[in-house]
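Here's the structure, in structure tokens; my notes come after.
The values are calculated or read from the model by the stated rules, or taken from the named source; none is laboratory data. What you see is a predicted model; the values in this text were computed from it and never measured. Glycine gets a Cβ as well: all are built from the backbone with ideal geometry, and neighbour counts include every protein chain shown.
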Amino acid sequence: MNSSLNLLNIACIGCGVIGAGWIARFIENGVNVSIFDPGPKAELNVKRTLENAETAYANLTSIPRIKKGTISFKKSINEAVKNVDLIIESVPERVDIKQKVYSEIEQYCDKSTLITSSTSGIMPSELQKNLKSPDRFYVGHPFNPVYLLPLVEIVGGRNTSKATISRAKSIYKQIGMHPVHIKKEIDAFVADRLLEAIWRESLWLIKDGICTTAELDDIVRFGFGLRYAQMGVFDTYRVAGGDAGMRHFMAQFGPCLKWPWTKLMNVPEFNAELVELISSQSDEQSGHLNIREMERLRDSNLIEILKGLKKNNWGAGKNLRDYEASLKAFNDKNTSTTNMESNTIKTLKTRVPSDWVDYNGHMNEARYLDCFCEATDQFMKIIGCDADYVKKGGSYFTVETHIRHMAETKIGESLSIETQLISGTGKKMHLFHTMRNSSNVITATGEHMLIHVSLKTRSASEPSSNILKNLSTIFNRHSKLPWPKGLGNAINNPKPDQSFKE
Ligand SMILES: NC(=O)c1ccc[n+]([C@@H]2O[C@H](COP(=O)([O-])OP(=O)(O)OC[C@H]3O[C@@H](n4cnc5c(N)ncnc54)[C@H](O)[C@@H]3O)[C@@H](O)[C@H]2O)c1
């Protein structure tokens, strides 16, 4: 149990898409959840969502987490809502069903228990109107998947107390969420108003044959969707206004409000009062940063988002991956892989991005290992241990590594690695990588001992005859080279400090 979370037990009434998401978020944060849902697929749905959430949380953070809460399915609302601190209703979006559920809840729950609805847009005043204690009722509107997306819109009705809103905010903060209190009740609240505007405009664009659903989705995910994830609507336009910021942006684009750029032609009057309202709030929001700082933050955020998407080979990330592959193919075509002077093999060319640099202002040691691993992978491909070979069940595993750090490497520096084969007979392969910067200074060396393995038995095995032949050809050249300086400094050369012996 999270010692700071003053909440032990909650109830979830309705566990479809959203209810199951809430259950996952709460049990992952140590809270016990009792559940009521008469639907035939409820238990299976919860099980699947909990599995997804478990994988998600394991990948989201490496910080050890608190002990999970428990779940228990109950046969009635009566059984589910006894002795709980919070009751979350996530039943279908119909006022009559929701109000019926509340009247039953109120019969059986404690007087102090908070009651909340996940409704996407029904006003809380409407939902709470038949409650005996409406002060403890509010809307907590989440976003799918609830266990991952932090936003929850909190909306009180006419009779919701201030204490209820403040208690709700504190609960969501303690389970890793970002509550935003919507102070004026309005149909569909804020998020769904924005989403509805995009949804309605999208339907027109498809219906009028302007673009297909796939093209429209690409327009969102390759462009402004990426910006919205990190700076929202107003900060994005503040930066777009350049040094003059939001006032300039509004002066430039304000008059288009009257142009037929959307089907939503009911627009606020563009006047000095509107410009002042928006600009002064924008100044309050981000006036502490100048536009250059905001641009740099935006770029850095976008880079991290694009890299994250690249890992999943998805959307704009796939685009980046394809772009990198074409750059690499161009480089490979225009660079000989063999250094004629030293006869070693060029296995990597790279530049140091900003996130490789640590608090000392130089490349972090883990990144040297990344580079040497890439160089080894490239060498493996050259000798025939490529993706097809691995698919057939053979590969090399690294059994020992030794890295020597010899010169500092800073952001933006170009690095290249040359690889010398030290030995490559039988199951063993011994590689020595030399990393240089653009001034030809050796910045590091990496020595790897690898063993060929069968991926079926996960134990040592002979490589294919083709690999052995390629290794032998390379070895014939490389064995004529002098041994690199630093070779064997650690591998197979232990020098324990005798002075520590008892
Ligand atoms: N799906 C979304 O993206 C989303 C996002 C935010 C909020 N919401 C809101 O969350 C609520 C639930 O939506 P959902 O998408 O999870 O719907 P859903 O259809 O997936 O789930 C509704 C669940 O309620 C159960 N149910 C029906 N009557 C019940 C009753 N009397 N008592 C207990 N359980 C009952 C059903 O068996 C079902 O499992 C709605 O108010 C919706 O507007 C949905």
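Quick one: would you say Ile403 is assigned to a loop (DSSP other than H, G, I, E, B), under 32 Å from the mean Cα position of the chain (by Cα), assigned by TED's automatic domain parsing to the domain that holds Leu455 and free of Cβ contacts under 8 Å to residues at least 60 places away in the same chain?
Numbers: assigned to a loop (DSSP other than H, G, I, E, B): no; under 32 Å from the mean Cα position of the chain (by Cα): yes; assigned by TED's automatic domain parsing to the domain that holds Leu455: yes; free of Cβ contacts under 8 Å to residues at least 60 places away in the same chain: yes.
Taking the combined requirement at face value, the residue does not satisfy it.
Of a type outside the set (Phe, Trp, Tyr) and over 22 Å from Leu306 (Cα atoms): does that describe Gly241? First the steps, then the outcome.
Values: of a type outside the set (Phe, Trp, Tyr): yes; over 22 Å from Leu306 (Cα atoms): yes.
For Gly241, the condition - of a type outside the set (Phe, Trp, Tyr) and over 22 Å from Leu306 (Cα atoms) - is met.
Do we find that Ile165 is more than 10 Å from the ligand (Cβ to nearest atom), touching a Cys at 6+ places or on another chain (Cβ under 9 Å), touching a residue at least 24 places away in the same chain (Cβ under 8 Å) and over 30 Å from Gly225 (Cα atoms) in this structure? Let's see the steps before the verdict.
Working: more than 10 Å from the ligand (Cβ to nearest atom): yes; touching a Cys at 6+ places or on another chain (Cβ under 9 Å): no; touching a residue at least 24 places away in the same chain (Cβ under 8 Å): yes; over 30 Å from Gly225 (Cα atoms): yes.
So Ile165 fails the test.
To keep it simple, each residue is scored yes or no on (1) of a type in the set (S, T, N, Q); (2) outside the structural domain of Gly241 (by TED's automatic domain parsing).
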position	(1), (2)
Ile278	no, no
Asp283	no, no
Ser286	yes, no
Glu293	no, no
Lys307	no, yes
Gly315	no, yes
I'd like to know if segment 340-357 contains one or more residues that are within 30 Å of Glu408 (Cα to Cα) and of a type in the set (Phe, Trp, Tyr). yes
Based on this model, can you work out whether Ser62 counts as within 16 Å of the ligand (Cβ to nearest atom) and assigned by TED's automatic domain parsing to the domain that holds Gly176? no
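Could you pull out the residue among His433, His448, His452 that is assigned to a strand (DSSP E or B) and farther than 17 Å from Ala375 by Cβ? Step through it out loud before you land on a result.
Numbers: His433 fails: farther than 17 Å from Ala375 by Cβ; His448 fails: farther than 17 Å from Ala375 by Cβ.
Checking each option against the conditions leaves just His452.
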Could you pull out every one of the strands (runs of 3 or more DSSP E) wholly within segment 115-184 that has 1 or more residues that are more than 25 Å from Asp96 (Cβ to Cβ)? 151-156, 178-182
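Look through segment 19-34, keep the residues that are among the β-branched types (Val, Ile, Thr) and surrounded by 24 or more Cβ atoms within 10 Å (Cβ to Cβ), and return whichever of them is nearest to Val81 (Cα to Cα). Steps first, answer last, please.
Applying the first criterion (among the β-branched types (Val, Ile, Thr)) to segment 19-34 yields 23, 27, 31, 33.
If we keep only those that are surrounded by 24 or more Cβ atoms within 10 Å (Cβ to Cβ) as well, we get 23, 31, 33.
Working: Ile23: 14, Val31: 14, Val33: 10 Å.
Among those residues, the one meeting the criterion is Val33.
Of all residues in segment 22-39 being in contact (Cβ under 8 Å) with a residue 60 or more places away in the chain and in contact with a Ser or Thr (Cβ under 7 Å, 6 or more places away or on another chain), which is nearest to the ligand (Cβ to nearest atom)?
Initially, segment 22-39 is screened for residues in contact (Cβ under 8 Å) with a residue 60 or more places away in the chain, giving 22, 24-26, 28-29, 31.
Now drop any that are not in contact with a Ser or Thr (Cβ under 7 Å, 6 or more places away or on another chain), which leaves 22, 24.
Values: Trp22: 9, Ala24: 13 Å.
Among them, the one singled out is Trp22.
For segment 415-437, give me each residue that is closer than 18 Å to Thr344 by Cβ and not hydrophobic (A, V, I, L, M, F, W, C). Outline the logic, then answer.
Residues of segment 415-437 closer than 18 Å to Thr344 by Cβ: 415-424, 429-437.
Correct list: Ser416, Glu418, Thr419, Gln420, Ser423, Gly424, His430, His433, Thr434, Arg436, Asn437.
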When segment 98-124 is examined, which residues are found to be more than 11 Å from the ligand (Cβ to nearest atom) and of a type in the set (Lys, Arg)? Lys111
Identify all residues within segment 438-486 that are touching a Pro at 6+ places or on another chain (Cβ under 9 Å) and under 22 Å from Lys349 (Cβ atoms); write none if there are none. Thr445, Glu447
Just to verify a result, which residue in segment 128-154, among those that are β-branched (Val, Ile, Thr) and within 12 Å of the ligand (Cβ to nearest atom), is nearest to Ala56 (Cα to Cα)? Val146
Flagged in segment 57-75 as in contact (Cβ under 8 Å) with a residue 60 or more places away in the chain and loosely packed, with under 15 Cβ neighbours inside 10 Å, in numbering order, are Leu60, Ile66, Lys67
